[in-house]
Amino acid sequence: MIGLQPVEVDTIIVGSGMGGLGMGIRLARETERSFLILERAHDVGGTWRDNTYPGVACDIPSHLYSFSYRTKSDWGQFYADGAQIHRYLQDAARQEGLLPHLRFGTDVRQMRWQPDVARWQLDTTTGSYRCRVLIIAAGRLSEPRIPEIPGLTGFAGPVFHSSAWDHSVELAGQRVGVVGTGASAIQIAPNIARVAESVVLFQRTAAYVVPRADRTYSDAEMRLLAQVPGEIERLRSQLFWEAEAGFAKRVGLPAAVAEFRDVALGHLASQVSDPELRARLTPSYEIGCKRVVLSDEFYPALSTGAVALEPSALDSLHSHRATAASGAEYELDVLVLATGFHTTQPPFATRVFGREGIALSDRWSRGMVAHASTTVAGFPNLFVIDGPNASLGHNSAVHMIETQIGFILGALDHLELVNADVLEVGREAEDAWMSEIDRRSASTVWLTGGCSSWYVDDRSDRLTLLWPDFAFAFRDEVGTFDPRGYRVSRAPVAVAH
Ligand SMILES: Cc1cc2nc3c(=O)[nH]c(=O)nc-3n(C[C@H](O)[C@H](O)[C@H](O)COP(=O)(O)OP(=O)(O)OC[C@H]3O[C@@H](n4cnc5c(N)ncnc54)[C@H](O)[C@@H]3O)c2cc1C
């Protein structure tokens, strides 16, 4: 525990996932600023530290799901698994000299702007901190969503969320229920079916599943990538533009959507011969509306009976008995909740208080808003990474995170250039940005596809999580800080940078 005086630094980053570490690396490499990274857990890695479930892996090619300024020639798999990405992030933190900047076990409980000194005051589980610039990189898939299932707390066996896998629970010989059909559930079910006595998957809504076609890189390929100058960049560029084609499938271009749907339904038809099972696995909404999942193992696991499909939600639990909405009953020993995360209403927003003491969650009471997907009116010197309209359904989150990092560095440079300390976006600029987001979202499959998804805020039916355009457009529009629409000012008291 530190003393009563707050620790003073120029910049604080909350979170040490891909976003927080990426930001820290650039600050350490390119600036003289004092900064800390506050992390509630005891290691770096965010998503890839927490998600250790059987089969956890990335759906974006490894060479694209890594920092452009820390490429890696020896990714062994086309799609890295969770442990490999976690190690990559641990190595990055160590090799880039971030360890002295990291404060683990530090849960940031409150972040409050103090206008009299133009500082953010942070109250945490390890004491108080004060900073001029606050960068929140607390993640959008970091707060597990636990469904309210009657009887859940009285279930007679172990229950855990996919992002908090209980490795002490031995699944061999156990009857396991998996709730959900998102990306995690579809990775988990076939993997645990190899050891469990039985696995039943509770499916409220079917997912579109497309071929994964993972492969290992040969030694020769890895040598080529290591030795030929520019080869990794060439591969990254190729993978990036291949992924970009995916946006056409979301924006409503009928031919592209139909082709994508055909791929998914063709995959289903080729792997599931039973017409009844196939019908139960056929989604009733348009492809892309919910996250499209990559798997070559999921359908075979269902087809062979290794995983039983319950085509309705889990309705209630009583001791070992699980009752589905259809009325079907199952005896279970272990329950896995692959039920996703709090996305559109991030819990960190209840902890941030801006000018006039307004909570960010109140500013966002009708859904997350921001200018340039990064700054919020009423919240001076606050930057949010991977927050409102900053993620993608078709390409790498790292591209978006790096774009925002470039924007933030540009904003900080701008403050120095104009000899100011405080920067705040005006409401007009923010409103204009959000109108443009609404305009671009309107025709996308996320709003027209006939599903409910974690991309859309159910309080306003607005697309608040995803960027409704190509990833390259995000780089074009956000990659360079544009001071128009921002007010800058000097701090009321002298400040040292
Ligand atoms: C299972 C899974 C698979 C995924 N697969 C893909 C994929 O294939 N492709 C893709 O592009 N994206 C994928 N994602 C999304 C992934 O979350 C992002 O790609 C990226 O890792 C997010 O990084 P981040 O730093 O923004 O957030 P996170 O990795 O979530 O890190 C946030 C950090 O903030 C910390 N934190 C939060 N609140 C506080 C607090 N109050 N105080 C202190 N610390 C705090 C958390 O402990 C965590 O370490 C996946 C997510 C999951 C869960």
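The values are calculated or read from the model by the stated rules, or taken from the named source; none is laboratory data. Quick caveat, the model's predicted, so the values are computed rather than measured. Ideal geometry is used to build each Cβ from the backbone, glycine not excepted, and the neighbour counts take in all protein chains shown.
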Inset, instruction - Could you please let me know if Gly367 is touching a residue at least 60 places away in the same chain (Cβ under 8 Å), more than 28 Å from Val179 (Cβ to Cβ) and surrounded by fewer than 24 Cβ atoms within 10 Å (Cβ to Cβ)? - result: no
Legend entry - Positions within segment 70-86 being among the β-branched types (Val, Ile, Thr), away from the ligand (no atom under 12 Å from the Cβ) and crowded, with 21+ Cβ neighbours inside 10 Å, in sequence order: none
Legend entry - Among (1) among the basic types (Lys, Arg); (2) within 15 Å of the ligand (Cβ to nearest atom); (3) in a loop (DSSP other than H, G, I, E, B) - the single one Arg26 does not satisfy: (3)
Inset, instruction - Exactly one condition in (1) more than 14 Å from the ligand (Cβ to nearest atom); (2) under 17 Å from Ala92 (Cα atoms); (3) in a loop (DSSP other than H, G, I, E, B) is not met by Arg33; state its number. - result: (2)
Inset, instruction - Could you figure out which of (1) within 15 Å of the ligand (Cβ to nearest atom); (2) over 27 Å from Gly450 (Cβ atoms); (3) in contact with a Pro (Cβ under 9 Å, 6 or more places away or on another chain) isn't true of Asp214? - result: (3)
Inset, instruction - Determine if segment 7-18 includes at least one residue that is in a helix (DSSP H, G or I), within 28 Å of Gln84 (Cβ to Cβ), in the same structural domain as Val117 (by TED's automatic domain parsing) and at pLDDT 95 or above. - result: yes
Inset, instruction - Name, by its number, the condition in (1) buried (at least 20 other Cβ atoms within 10 Å of the Cβ); (2) within 6 Å of the ligand (Cβ to nearest atom); (3) closer than 17 Å to Arg94 by Cα that does not hold for Phe67. - result: (2)
Inset, instruction - Name the one entry in Ser66, Ser73, Ser34 that is small (Gly, Ala, Ser) and touching a strand residue (DSSP E or B) at 6+ places or on another chain (Cβ under 6 Å). - result: Ser34
Inset, instruction - Considering each of Leu102, Leu89 in turn, give the residue that is surrounded by 21 or more Cβ atoms within 10 Å (Cβ to Cβ), outside the structural domain of Val169 (by TED's automatic domain parsing) and at negative phi. - result: Leu89
Inset, instruction - Filter segment 120-140 down to the residues that are modelled with pLDDT of 95 or more and assigned to a loop (DSSP other than H, G, I, E, B), then identify the one that is farthest from the ligand (Cβ to nearest atom). - result: Thr126
Inset, instruction - Report the residue count in segment 120-138 for those that are closer than 19 Å to Leu360 by Cα and surrounded by fewer than 23 Cβ atoms within 10 Å (Cβ to Cβ). - result: 4
